[in-house]
Structure formats: structure tokens, C-alpha cells
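Here is the structure we will look at, set down as C-alpha cells.
The values are calculated or read from the model by the stated rules, or taken from the named source; none is laboratory data. In this text, all values refer to a predicted model and were calculated from it rather than measured experimentally. Cβ atoms come from the backbone with ideal geometry, glycine included; neighbour counts cover every protein chain shown.
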């Protein structure tokens, strides 16, 4: 679990509540069912209209990565690649066959299988790069779902505020209700802006950072497997792959 992301999410809600208290606002005033329905329901509706079903499904599936990101350790991966190169030099490429079944990552498993099958270096690079680009494109599209939602939710908040003010303006005969009515109307604006800037946009940015990290790891895999297929020395492979570490 990513403790920082969990703390950040909790802090996002705490900031609103503590801020309201410090401003002298009753915390219960932050709850408004109508505003909640307009902002959250409207944002979901806009995203469903904006996004293809498969992309939306992928985006929902990737949400867990924010709080439980995949273990991405390029330094350890480089050590594994160097180990594979040493095995191939001692036992030949067929010596890597046991590594295939033990490998949980399907991308790495596919590359190792091509290596064991004796595929040409450029063939390995070509096939894996196509898969890399396809996965990256699909993942980035899914991450943009949250960024797009972060664009829509403030607008939904404004719509909710305007509808609330319209309701207030219809009953101006009782001035005592004006303050409460106007305050309730602006709750929708709080929902929209907070949802965008405290959750949706940060989630989108976080996912894009994780996707970029995954791409880097897969590039290490591609370069390492191609180097093994070319028969490069393990030390040369290690020196080459170290360039990915910054």
C-alpha cells in the first residue's frame, strides 16, 4: 500500500472539514443531497458520454494502482536481466526456459519465450515495442478519464450553484431564508472544485506517472533481451541498462 496516497486522500477531506470549522461554518452545512446529486451524478454522466466503455472499464480497474502501485524496481530488474545473460552464456538460450514459467509478468514472459525460441534481435524488439506502445496508449487513455472528470466537475458545481440560486430567488418574501439558501447553493461549487482539485486531477497525474514508470521498466526489458539475443557480454549489458537509472 502507498501510505502517502492514503494520507493525501484523508487529508483532502480533513482540509475541507477543518477549514469549515475554522471559518465558523457548521460542518453539517457541507452536506447537501441536491448538490451531491448534481455534481457527482452530472460528472459521471458526462464521463460516460465522453468515454468509450472499454476505456472507462480500464480506468476503473486502474484506480487501485494509486493506493497499491505495482512494484517497479528497475535496479532489481537490471540484476535479473544480467543474471539471464549469464545463464545464456553458460547454458545457451534454452537454459532460460525454466525462467519463463516462473515469470509472473506476461510482458517479460513473452520476451523470454521469443528469446528461447531463437527469434532475431530485431524481431524481439519489434514485437515487444508494438505491445509496449499499445499498452501505454491504452493506459494513458484510461488515466485521462480522471483528468477529464476533473474538468467537468467544477462546471457541474457551477450548474448546481445556479440552480440553487434560482430556487432562492423564487422565494424572496422571507429574507431570513436568503442567507441559508445562498450558502446551500454554493455547496455545489465546493463539491465541484474540491472533487476536481483534491481527487480527480491528482489521481490522473498519479496514474500517468506510474504508467511512465512502467514504460521505463518495459524498455529495460526490451533492451536487455535484445542484448542477450545479440550475445552481448553481461557486463556490457549491465552498463548499458544502468543508463536507465537516474
Output the helices (runs of 4 or more DSSP H) that fall wholly within region 1-114 and possess 1 or more residues being modelled with pLDDT under 90 and closer than 23 Å to residue 156 by Cα, or say none. 3-22, 33-36
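Per-residue answers, yes or no, for (1) surrounded by fewer than 17 Cβ atoms within 10 Å (Cβ to Cβ); (2) over 34 Å from the mean Cα position of the chain (by Cα):
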residue: 93; (1), (2): no, yes
residue: 102; (1), (2): yes, no
residue: 106; (1), (2): yes, no
residue: 116; (1), (2): no, no
residue: 125; (1), (2): no, no
residue: 132; (1), (2): no, no
residue: 153; (1), (2): no, no
residue: 156; (1), (2): no, no
residue: 165; (1), (2): yes, yes
Among (1) in contact with a helix residue (DSSP H, G or I) (Cβ under 6 Å, 6 or more places away or on another chain); (2) within 25 Å of residue 243 (Cβ to Cβ) - the single one residue 100 does not satisfy: (2)
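Quick check on this structure: which one of 170, 206 is surrounded by fewer than 16 Cβ atoms within 10 Å (Cβ to Cβ) and farther than 18 Å from residue 38 by Cα?
170
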